[in-house]
């Protein structure tokens, strides 16, 4: 009997405990007058709202209900825009980098645009001159330029030849369109720098903060482009041509790249032997493990400089001979068109009428001119003279950019 009496007592105790726990849970779930749960946690209120009308005895159904209500209502673009918009409240405007950027945007962009517009005007005049000059006279000018400074632009010349073969007429159409739109953007930005809507004798752009100025200039540039789809098409096409040209140039200059790797491989062991103790002593025990990396990078840079110099020397010889030949042939054809070749002495032009197959006059003109051009290129360090170094500065920057992309 004692056993039978003890069992109901345990059951009753268990039932009471369960009832107390259930009451406690119900108390937690009750909302306070403020709209939150009694324990002050809005998360439990949200979870209970999600589970309304769902059979809580089925854990799978409850989990699916919660997961279904966690689906995003904003797309990736909207989320990114909201995130960037929220950053405005946390960006300081007094840090030194932001002040430097703001100063550059206010006072540095305008001179750059003026310089850009000057080069636009200059190259437009060069293009008009290219169209106006007779073919033979133009060939003489290009031949002389190739003879005197061909080695300084070996990568640009090779890239131009590859682009002409890969891009064709479509490339010129895209370049022309991008050039025209860039000119419109520059004119619009210069005009915007003079706008003073509040009539306080201070340009509006000078009163803008950095973020506002960047947004405003971007808007001005976008408004200046009349056909964004056409502009995007041109940019994408030019980028595709550039990727193809870069692949061709890497193959074309594979020997020079192999020379870079060979030189660095030969120099590296001796450089480590000579420089590692010094660098380890300078860097100390904590940074001495960086010594091999510094030495390797330095050796590769030196190898690239040597390889580029060797390639410039090879290109200088080739461009000198090719430019001298082009100049001589165009000169002879120009003289022949004007009837001057038959008037030259027989010792120079041969018997009249002039026969180019029996004459060596072009070689007598081309080789001395090539020798002078090669000498001038080497002695000048493959650099242009003043004022040509200023006028053709964009070409020099383009040459550096292409060279780095080929050999880096």
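Among 245, 294, which is the only one that is closer than 26 Å to residue 402 by Cα, at pLDDT 80 or above, crowded, with 16+ Cβ neighbours inside 10 Å and under 29 Å from the mean Cα position of the chain (by Cα)? Break it down stepwise before answering.
On the way: 294 fails: crowded, with 16+ Cβ neighbours inside 10 Å.
Only one candidate qualifies: 245.
Cβ-Cβ contacts under 6 Å between residues 6 or more apart (or on different chains), taken from a first residue in region 283-301 that is on the phi > 0 side of the Ramachandran plot and part of a helix (DSSP H, G or I) to a second residue that is surrounded by 11 or more Cβ atoms within 10 Å (Cβ to Cβ) and at pLDDT below 80, are absent. None of 384, 395 is modelled with pLDDT of 80 or more, within 14 Å of residue 152 (Cβ to Cβ) and part of a loop (DSSP other than H, G, I, E, B) except 384.
When region 124-136 is filtered for residues that are surrounded by fewer than 14 Cβ atoms within 10 Å (Cβ to Cβ) and either under 15 Å from residue 366 (Cα atoms) or more than 30 Å from the chain's Cα centre (by Cα) (or both), the ones remaining, listed by number, are 129, 131, 132, 134, 135. Taken over region 332-373, the residue count meeting the criterion of being buried (at least 20 other Cβ atoms within 10 Å of the Cβ) and at pLDDT 85 or above is 4.
Answer yes or no as to whether residue 214 is surrounded by fewer than 16 Cβ atoms within 10 Å (Cβ to Cβ), over 19 Å from residue 405 (Cβ atoms), under 24 Å from the mean Cα position of the chain (by Cα) and touching a residue at least 12 places away in the same chain (Cβ under 8 Å). It would help to see each step written out before you state the result.
Details: surrounded by fewer than 16 Cβ atoms within 10 Å (Cβ to Cβ): yes; over 19 Å from residue 405 (Cβ atoms): yes; under 24 Å from the mean Cα position of the chain (by Cα): yes; touching a residue at least 12 places away in the same chain (Cβ under 8 Å): yes.
It is true that residue 214 is surrounded by fewer than 16 Cβ atoms within 10 Å (Cβ to Cβ), over 19 Å from residue 405 (Cβ atoms), under 24 Å from the mean Cα position of the chain (by Cα) and touching a residue at least 12 places away in the same chain (Cβ under 8 Å).
Look through region 217-234, keep the residues that are without any contact (Cβ under 8 Å) to a residue 24 or more places away in the chain and more than 19 Å from residue 177 (Cα to Cα), and return whichever of them is nearest to the chain's Cα centre (by Cα). Here the answer is 218.
The values are calculated or read from the model by the stated rules, or taken from the named source; none is laboratory data. Predicted, not measured: the structure shown is a model, and the values here were computed from it. Backbone-built Cβ (ideal geometry, glycine too); neighbour counts: all protein chains shown.
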